[in-house]
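Beneath this line is the structure, given in structure tokens, with notes to follow.
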4 protein chains.
Amino acid sequence: MRIWARRLLTASPSDCAALQTVLDQGEIEAAQVIAVIGKTEGNGGRNDFSRELAVRAYADCLAEAAGSSREAIEEQVVLSFSGGTEGVVSPHVLVLARLDEGTPQPGSKRLAVAVGHTRDFAPHEVGRVAMVQETASTVRRLMQELAVAAPADVHLVQIKGAIPAVSAAEQHAAAAAGQPLRCDMVHSRAASALGVAVATGEVASDEITDERIARDYTLFSSVASCSSKPGLVRSEIVLFANVAHYGGDLVMAHGVMQDIIDAEAVRAVLTQLGFDASRQLRPQETARLVGIFAKADADPRGSVRSRRHTMWSDDDIADTRHARAVVSTVLATLTGETAVYVSTRAEHHGPLGGGPVAILARMP
Amino acid sequence: MRIWARRLLTASPSDCAALQTVLDQGEIEAAQVIAVIGKTEGNGGRNDFSRELAVRAYADCLAEAAGSSREAIEEQVVLSFSGGTEGVVSPHVLVLARLDEGTPQPGSKRLAVAVGHTRDFAPHEVGRVAMVQETASTVRRLMQELAVAAPADVHLVQIKGAIPAVSAAEQHAAAAAGQPLRCDMVHSRAASALGVAVATGEVASDEITDERIARDYTLFSSVASCSSKPGLVRSEIVLFANVAHYGGDLVMAHGVMQDIIDAEAVRAVLTQLGFDASRQLRPQETARLVGIFAKADADPRGSVRSRRHTMWSDDDIADTRHARAVVSTVLATLTGETAVYVSTRAEHHGPLGGGPVAILARMP
Amino acid sequence: MRIWARRLLTASPSDCAALQTVLDQGEIEAAQVIAVIGKTEGNGGRNDFSRELAVRAYADCLAEAAGSSREAIEEQVVLSFSGGTEGVVSPHVLVLARLDEGTPQPGSKRLAVAVGHTRDFAPHEVGRVAMVQETASTVRRLMQELAVAAPADVHLVQIKGAIPAVSAAEQHAAAAAGQPLRCDMVHSRAASALGVAVATGEVASDEITDERIARDYTLFSSVASCSSKPGLVRSEIVLFANVAHYGGDLVMAHGVMQDIIDAEAVRAVLTQLGFDASRQLRPQETARLVGIFAKADADPRGSVRSRRHTMWSDDDIADTRHARAVVSTVLATLTGETAVYVSTRAEHHGPLGGGPVAILARMP
Amino acid sequence: MRIWARRLLTASPSDCAALQTVLDQGEIEAAQVIAVIGKTEGNGGRNDFSRELAVRAYADCLAEAAGSSREAIEEQVVLSFSGGTEGVVSPHVLVLARLDEGTPQPGSKRLAVAVGHTRDFAPHEVGRVAMVQETASTVRRLMQELAVAAPADVHLVQIKGAIPAVSAAEQHAAAAAGQPLRCDMVHSRAASALGVAVATGEVASDEITDERIARDYTLFSSVASCSSKPGLVRSEIVLFANVAHYGGDLVMAHGVMQDIIDAEAVRAVLTQLGFDASRQLRPQETARLVGIFAKADADPRGSVRSRRHTMWSDDDIADTRHARAVVSTVLATLTGETAVYVSTRAEHHGPLGGGPVAILARMP
């Protein structure tokens, strides 16, 4: 087995031309595609319809190639789009396929990807211990499915967290019962990230209490990348790990930025992957980077390294758009690559003001 | 003689508390101050009133300390504020004073700063050869004033370019006469930058024609940093150069970014100043950086290194604010410093899509 | 014959639930639908993907109901979405169907709608006399098709203007030949609007010269509502007129706002439709309004009634979004209705700073 | 006694030229000025520095005319600027002076204005019953000072509410004691507005509990217009009322908009002032309007008259800027005047989604 991965540049959120070419040329088959993860040029906020447009377009494209329906594709393939290509970021998609070929190389682990989902969540579970534990258990199951040798081999766990619909009556009832619902984006992301941290052993299961979720940010995962989606009843999970029994030339590594300009953390990841990170990568090196992922926020304490920033106090611009521009530029400065995947709202993703970074590279 | 320079962090555009402390403690006298150059947290656009507020506050502060009036200070001291502290940028001012002390060190050039202005411009001269030549001549005079040994010792020429007021009647008359006025921000900046390029010998005087101004961007300066101001009848110029006959511990160096993520250009400047730029500077090194200046734009061709960017096509955000976030983050990634001075609209400042970068450091 | 029209509120750009219900309940058949005209909650700018999403969703919805394909629907039905629901504007669609039923009422004209398109345009024709004349000729053909008795019976001509793709080489060649291309949004809209003005006799055919297009704004249409779309090779036209031989209860009227707060023009239209406009319409009156259309701009001269406005000088907000908020509120103030269709960029649509307004009402 | 009032248009936040002319021409003396209330072209948010710039400029202007200092003027004169001139709003100031002249007209009340302030507030009082009661008591004192005959004669109470500085330690201590501080903008405005409501008898003193403040919006004032300012230790209050013993030609009236497009409420105010509001006022009528004030918000429930609006869900634009554009356009539609004073964040100002409107007119 091996993972086939390709970064494809897009001309707009609905541009599937590059994927169509790949399918037309028979490089992969539509049925082998397991995930399309992309950055679209929206605002990344509530009214960012570029994501829905992209999902619709990619599902239609794969459905036509597979002789299937859009609904079926949306059920089978992870179509995950993050809005916001601020600064130098270039809109793109990363297409992942699983091929039934490829010879494991002795002594050398290669990328494997597993996809799964949790059980359905009741509204009162979201953002609480129950969600953390179920998420952790699902992540562990995916690790077993891939026969991951050690938690350190897990480099990225991307989750779209559940936020089941809830009525105002249910909300009031829960509040009246002294257990106000946490069925919102913040708490869904927070519990998802802590679920990853528990699965990889970064946080002990018994450290998790309802009180610490979305509050005690000393607890965090170094490999989570969680978003959440209103209306979703179960969380969807994509696990990236290096394993011995997969072939191919793809290898992943990760690190944790301690703050939003922690270049040293990124340099360390590049070094792990065998690059000379004492300078910006050269074009032929940059070309080996297939995917670059990071999650971070404008530091909510209002300063970075004791210097005030204005990402939260400028009412004309969203802090999320600023923060993505910054993190993506840190990555581009070191790698020379601008088609990077940076996402914000990073509760329990790395330390407060910092966040996880993961890089997928093709081995020479 | 020596230049005293200090970067002071600000809590708001009108916050002069740090300067007040410096004056109160007698470190410098108000009369010694020659320039206050700052970044304020506005939008950097036409309705950015943070600049006017800062000018007013700093002029009032210096006037009170000097027993002078606001108007007199505005006449004597360069008060130059650039709006826009996007991304991680921290609002700050750089205060420059000239002290009648300091021993030149043999074989070692130190920062000197000269301030001057062109003659008044007629509206029809702005953005044309006349403005380029007068600007060049003034820059050369300032170089002589400082006894600059060679053009390579000039590292930054900051200009606020003239845009004399012009009536609609004058505009129509000029257009009718076949010489439409160029009395606008774009052409004033463009001619100012080319004036610097002529003065430092980067562009030959006879290469300049009206046609090439704001059009042929293969002509550019590597040390200019020009803005322009409606209502100004003459251009104000601040020249930064290293000279043998000044003392103190300040040294400047510069380079040119070939594109907006040209980290190698910045690394080269740091290396010239004696830093190990194979990694982000460490805190004690960062502390030696007194001023970091860059000028650049979101590439108007819509792509950086063959990858599309959306800084010009996203109607919800200004390209200038995106571009400043990017360049400042490139600088912060390498230096660890977020109180940097990045300005946009960079006609004839470095190659298209790139721009000059200059760093002022304290020698150990 | 009669026109069936219904305003349907939407929960998001892709929300077709209300249309689905109408189709499910057999009120109309998908094949009878001739146009869906909507306002989506995007920014109305270049990166407004809410429009493409809505087109895709509505085409899919109608295709499924008609047992047809998305492509076929897009060919047969006008799917026209305008982004930008600023201020109190409520996102909605107006669905128009033509039913083979309805008895004309003697002495009483009723709404008829015709849909057509121009011939393909060559790039050099766009924004020039050729486009004006072909547009005029097509509008006249549609008027004949509906047997419109007099130009005064035409109340709205909505056009999506052609902007055929053009290579840089073609652009340079045209410029070199002294006939620079005008193949852009501004000139396509301008020529389309003047085409309507010529068709309805507001402007004489021989008054049109290339020089006056997008320049002499004393020439204008009182019933045009033109946008333009890059890539479109022919202009798509929807004509709304009252005619004697149609039945139903729908009647339209129009007027021209002289400036952006010209309430009297709107009141006059309401009065024509039989409403008491000396106060805001009451709920049962508001309920009779099926469609409210206006086109206007923030006055480019920077003031309204001798008072400065800041819609063009505030760099944090788009003038188009401000202008739509204003015009839609004028309409809501008088009608009590917030689901209105206001579009901006109104070259030759009413006088400079003003624009046409048309209202479609159900007769009691 | 009589009040002198004049609306002056401004070219920028610091433009005092019109006031300077008034002072130069001896129309009023600087010492007679009691308030300058203006709209500046900022974003109305936290980083709106146009307000501070205007305060500084107007204080300097009055200080020079009065031979006083900026600090003294800021102590004596209410300088109150509200940022945000969205849509058609024209930046302007309303200058109010009290002249020791003017003959009361029998049977006819005229505008009187009183200025005062509460005692200093402790942080734990802000946003709680104590602040409501002290505000009410101060408003009542100002009513007595003006000998207001009945609460119905009070038409506008403008308050800048206190928000004393508070340390993190104090915040934690208060939270730990079960009385978390409410020392923020929301609660300061809310308590100020309820204070006005108690003073005018709209809400009974014993109806006020801590629980209902910023929560039960069925309690509200019809004449309050409250903002708040971090750092202010006492609330500053300006009371506008019609009284029998003042002369002059100024009369005020007010009403309450039930929702953001409640034109009928505005029409009623105009009718009270003797205008024919069955149409937009004509220029000579508009000229008699000296001040137009309103306070409102984008309805937090997300809809207006059962139609969804997007002012809260569009992440690219502030709800406050949308809401101000809407309310100001409602006012301009009816009055023909665009230099109106509309402010947002209207807790307990009129019913939820609506708000008070007050108009100051010159009697013929």
Quick check on C:GLY353: is it more than 9 Å from every other protein chain (Cβ to nearest Cβ) and touching a Pro at 6+ places or on another chain (Cβ under 9 Å)?
yes
Given the condition away from chain C (no Cβ under 14 Å), of a type in the set (Ser, Thr, Tyr), assigned to a loop (DSSP other than H, G, I, E, B) and in contact (Cβ under 8 Å) with a residue 40 or more places away in the chain, answer yes or no: does some residue in the range D:227-235 qualify?
yes
Which condition from (1) away from chain D (no Cβ under 13 Å); (2) touching a residue at least 12 places away in the same chain (Cβ under 8 Å) is the one that A:ARG301 breaks?
(1)
Within the range A:1-57, take every residue that is within 25 Å of A:ALA287 (Cβ to Cβ) and hydroxyl-bearing (Ser, Thr, Tyr) and give me the one that is farthest from the other protein chains (Cβ to nearest Cβ).
A:THR21
If I ask for residues that are over 12 Å from A:HIS349 (Cα atoms), hydroxyl-bearing (Ser, Thr, Tyr) and assigned to a helix (DSSP H, G or I), which ones from the range A:182-208 would you list?
A:SER188, A:SER205
Report yes if B:LEU146 is surrounded by 15 or more Cβ atoms within 10 Å (Cβ to Cβ), modelled with pLDDT of 95 or more, farther than 22 Å from B:HIS348 by Cβ and in contact with a strand residue (DSSP E or B) (Cβ under 7 Å, 6 or more places away or on another chain), otherwise no.
yes
Every residue in the range B:126-164 that is closer than 16 Å to B:LEU232 by Cα and in contact with a Pro (Cβ under 9 Å, 6 or more places away or on another chain), please.
B:VAL126, B:ILE163, B:PRO164
The listed residue being touching a helix residue (DSSP H, G or I) at 6+ places or on another chain (Cβ under 7 Å), in contact (Cβ under 8 Å) with a residue 12 or more places away in the chain and within 9 Å of another protein chain (Cβ to nearest Cβ), out of B:MET311, B:MET257
B:MET311
Checklist (1) more than 28 Å from D:VAL36 (Cβ to Cβ); (2) at pLDDT 95 or above; (3) assigned to a loop (DSSP other than H, G, I, E, B) applied to D:GLY274, failing item:
(1)
Scanning the range C:314-338 residue by residue, those free of Cβ contacts under 8 Å to residues at least 60 places away in the same chain, farther than 21 Å from C:SER225 by Cα and either away from chain B (no Cβ under 12 Å) or of a type in the set (Val, Ile, Thr) (or both) turn out to be C:ILE317, C:GLY336
Under the condition of being closer than 27 Å to C:MET311 by Cβ and surrounded by 23 or more Cβ atoms within 10 Å (Cβ to Cβ), which residue from the range D:93-123 is nearest to the other protein chains (Cβ to nearest Cβ)?
D:VAL93
Tally up the residues in the range A:58-72 that are within 14 Å of another protein chain (Cβ to nearest Cβ) and either outside any helix (DSSP H, G or I) or surrounded by 24 or more Cβ atoms within 10 Å (Cβ to Cβ) (or both), please.
2
Restricting attention to the range D:29-47, does a residue exist that is over 23 Å from the mean Cα position of the chain (by Cα) and either within 26 Å of D:VAL154 (Cβ to Cβ) or modelled with pLDDT of 95 or more (or both)?
yes
Tell me, please, whether a residue that is within 14 Å of chain D (Cβ to nearest Cβ), of a type outside the set (D, E, K, R) and over 17 Å from B:THR333 (Cβ atoms) can be found in the range A:339-349.
yes
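Confirm whether A:ALA263 is in the same structural domain as A:ARG345 (by TED's automatic domain parsing) and small (Gly, Ala, Ser).
For A:ALA263, the condition - in the same structural domain as A:ARG345 (by TED's automatic domain parsing) and small (Gly, Ala, Ser) - is met.
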Tally, over the range D:73-92, of residues that are over 23 Å from D:VAL115 (Cβ atoms) and more than 14 Å from chain A (Cβ to nearest Cβ):
6
Restricting the search to the range D:313-343, which residues are surrounded by fewer than 24 Cβ atoms within 10 Å (Cβ to Cβ), at pLDDT 95 or above and outside any helix (DSSP H, G or I)?
D:GLY336
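The values are calculated or read from the model by the stated rules, or taken from the named source; none is laboratory data. Not measured: the values here are computed from a predicted model. When we count neighbours, we look across all protein chains shown, and the Cβ atoms used for this are built from the backbone with ideal geometry, even at glycine.
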